[in-house]
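For reference, the structure discussed in these notes is given below.
The values are calculated or read from the model by the stated rules, or taken from the named source; none is laboratory data. Model, not experiment: these values are computed from the prediction. We place every Cβ from the backbone using ideal geometry, glycine too, and count neighbours over all the protein chains shown. These area figures cover heavy atoms from the full protein model, side chains too; ligands, DNA and RNA do not enter into them. Shrake-Rupley method; radii C 1.70, N 1.55, O 1.52, S 1.80 Å.
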Amino acid sequence: MNLQISTPQTQLVQRLSATPRGARLARRLTASSLASWGYPYDGEPTETAQLLVAELAANAVTHGRVAGRDFELRLAHLPEENTLRIEVSDPRGDRPLRILRAAPGDVHGRGLIVVEALARTWGVRERVVGKTVWAEIPLTPERRGGSGTP
Ligand SMILES: Nc1ncnc2c1ncn2[C@@H]1O[C@H](COP(=O)(O)OP(=O)(O)OP(=O)(O)O)[C@@H](O)[C@H]1O
Ligand SMILES: [Mg+2]
């Protein structure tokens with residue numbers, strides 16, 4: 001018998017309230033999920049993933065919010081592609097994302113610029129209801145161990 005065992009995907013899917021607290025929780029869940037997959041809290045992949053989730057979740061709970069509806073965080077480690085895929089879904093399908101050009105004194109308008117800078121690739125996908133904003137970063141087995149590991 002030719003038994004094929006495929007590499008298991010490591011995944012988190014969590015619905016969260018569309019509030020600042022929900023957005024904070026998304027960021028924390030990202031760190032704890034990556035820690036449970038073997039990536040330390042202070043390692044570069046976790047810090048980058050947390051920054052991306054923070055921006056995408058903040059956008060979901062402000063611009064993508066519909067009263068009474070949750071948003072959803074999905075993290076998937078795709079080991080065969082050495083990739084961490086981050087997806088943040090919100091229920092608003094009627095507002096396009098805009099890359100803003102924040103002026104030096106502006107308080108807002110930088111989130112997607114940060115996403116653009118940190119993600120290897122990112123984008124938006126329509127859903128039946130709302131949309132998913134996704135971003136991918138490298139997550140290689142070699143990077144396991146994080147700080148303190150040669
Ligand atoms: N999930 C979303 N749903 C609807 N519109 C969005 C979403 N994310 C971003 N946008 C739109 O794209 C714009 C740019 O987002 P970006 O995160 O760069 O800036 P910001 O959220 O306005 O400010 P900052 O992130 O710096 O606090 C937003 O102002 C908003 O109009
Ligand atoms: Mg933003």
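Label separation (HIS108 vs VAL128): 3.1 nm, computed from points 7 Å beyond Cα along the C-beta direction. For the Cα atoms of the chain, what angle does the longest principal axis make with the long axis of helix 44-62, in degrees from 0 to 90, nearest 10? It works out to around 30 degrees.
Nonpolar atom fraction for the chain, defined as the carbon and sulfur part of the 1.4 Å probe accessible area, stands at 51 percent. Rounded to the nearest 20, the Cβ-based charge dipole of the stretch 14-143 about its Cα centre (Lys and Arg +1, Asp and Glu -1) stands at 580 debye.
Label-to-label distance, LEU100 versus VAL66, with points set 7 angstrom from Cα along the beta-carbon direction: 2.4 nm. When each of the peptides 79-92, 116-129, 61-74 is scored by the mean number of other C-beta atoms lying within 10 Å of its residues, the order from highest to lowest reads 79-92, 61-74, 116-129.
Shown for the stretch 14-143 is the translational diffusion coefficient from the Stokes-Einstein equation, using the Kirkwood radius over Cα pairs, a temperature of 25 °C and a viscosity of 0.890 mPa s: 164 µm²/s. Average accessible surface for the stretch 14-143: 54 Å² per residue, computed with a 1.4 Å probe over protein heavy atoms with every protein chain in place.
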